[in-house]
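Taken together, the values in this text are just the output of simple stated rules run on the coordinates, not laboratory data. Keep in mind the model is a prediction, meaning the values are calculated, not measured. Note: ideal-geometry Cβ built from the backbone for every residue, glycine included; neighbour counts use all protein chains shown.
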Amino acid sequence: MRTLAIALFLMMLAPPLARADTACRAQSGATTRPLVELYTSEGCDSCPPADRWLGRTFAGPHAPAVAIALHVDYWDRLGWKDRFASHAFTERQHRAAEANRADFVYTPQVLLQGRDFDWRKAPASALAAAAATPSRAAITLTAQHTPVGVEAHASASIPDAGSRADARVVLAYVDGGLTSDVKAGENRGVQLHHDHVVRALAEGGKADAQGGLTATATFPIPAEAGRDATLVAFVQRAGSGEILQALELPLGGCAAP
């Protein structure tokens, strides 16, 4: 009886452990998960409508695409410093402009799969068409909480040899539910609300001869942490800017250290 009791006790322990492991891993499917990028700034008075659109359109587990908001820093000089802005995000926007053969950058700008997207019209058909295309890369994303933050690892493979040379895996730590009371600049006196905010980015190395790519990063938990913390991974070609596949992993189910 004592042996049976121990066995039953161990069986009771097993399901939660399996769920925790599953919750910290995600894998892409056979079709494309599109990526939507918003380039925005708290110093730009035309950006709040785009911020609201992003939060509203891509809320919940059944959102039509993976959404990220990258706050650029070139508006900071006009009197209000956006605490979510990074010069690395500004540089990323400039690289996107080069890939799209654009002469300038602007906010708010939305990209769908690395290409300009008219968010004001926001045709659902364009998102649906992107989501219906066969995947051009496979991604596996895992996460683990550590005493210093969240350790993320992405591995990817690209079947098409012609798409491998300039491809990279990019990792992002994203959260939302963030609020700012702006006291200067174009949005002075306005309370802004932000979702899908990229708090940090990391990029992996080149693909190997078989089309395999990896990226690993440890993201510290932001001092001002938002809600719905999520890891995002996507595979992108540097030259064209096109996104081959994207994947998100909500961190709410990952066990703390």
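Using modelled amide H (1.01 Å from N, peptide plane; none on Pro or chain starts), what sits under 5 Å from the amide H of ARG115, excluding residues fewer than 5 places away?
Result for ARG115 returns nothing.
At GLU98 and ALA161, where each label point lies 7 Å from the Cα along Cα→Cβ, what is the point-to-point distance in nanometres?
Distance between label points: 2.8 nm.
Evaluate 2.2 N^0.38 Å with N set to the residue count of the range 134-257, then give the Cα radius of gyration divided by it.
1.22
Which of the lysines could a cross-linker bridge to LYS183, judged by Cα under 25 Å and excluding same-chain residues fewer than eight apart?
Filter leaves LYS81.
Return one number: the angle in degrees, 0 to 90 and rounded to the nearest 10, between the long axis of the Cα atoms of helix 2-23 and the longest principal axis of the Cα atoms of the chain.
It works out to around 20 degrees.
Which residues in the range 39-53 have a backbone N closer than 18 Å to a point placed 7 Å from the Cα of ARG77 along the Cα-to-Cβ line?
Residues passing the 18 Å test: 40-45.
Any chance you could give the angle, 0 to 90 degrees and rounded to 10, that helix 87-99 forms with the longest Cα principal axis of the chain?
The helix 87-99 is inclined about 80 degrees to the chain.
Rounded, prolate or oblate, given the Cα gyration tensor of the range 138-188, with a/c below 1.5 counting as rounded?
oblate
Tell me the label only: which of [x] 17.1, 58; [y] 19.9, 77; [z] 17.0, 53 is Rg and Dmax of the Cα atoms in Å as calculated from this structure?
[y]
In whole Å, what is the distance between the alpha-carbon centres of the range 119-136 and the range 162-183?
Spelled out, the Cα-based centre of one part sits 19 Å from the other.
By how many degrees, between 0 and 90 and to the nearest 10, does the Cα long axis of helix 48-57 differ from the longest principal axis of the chain?
The two axes meet at around 30 degrees.
For SER240 and LYS121 in one chain, what is 0.36 nm times their gap in residues minus the Cα-Cα distance, to one decimal in nm?
40.4 nm
Checking the a/c ratio against 1.5 first, then a/b against b/c, what shape does the Cα gyration tensor give for the range 68-178? Could the numbers behind the result be given before it?
Values: a/c = 1.66, a/b = 1.13, b/c = 1.47.
Oblate, because a/c is 1.5 or more while a/b does not exceed b/c.
Quick one: among ALA137, ALA122, ALA97, which has the greatest mean-square fluctuation in a GNM of the chain with alpha-carbon springs under 10 angstrom?
ALA122
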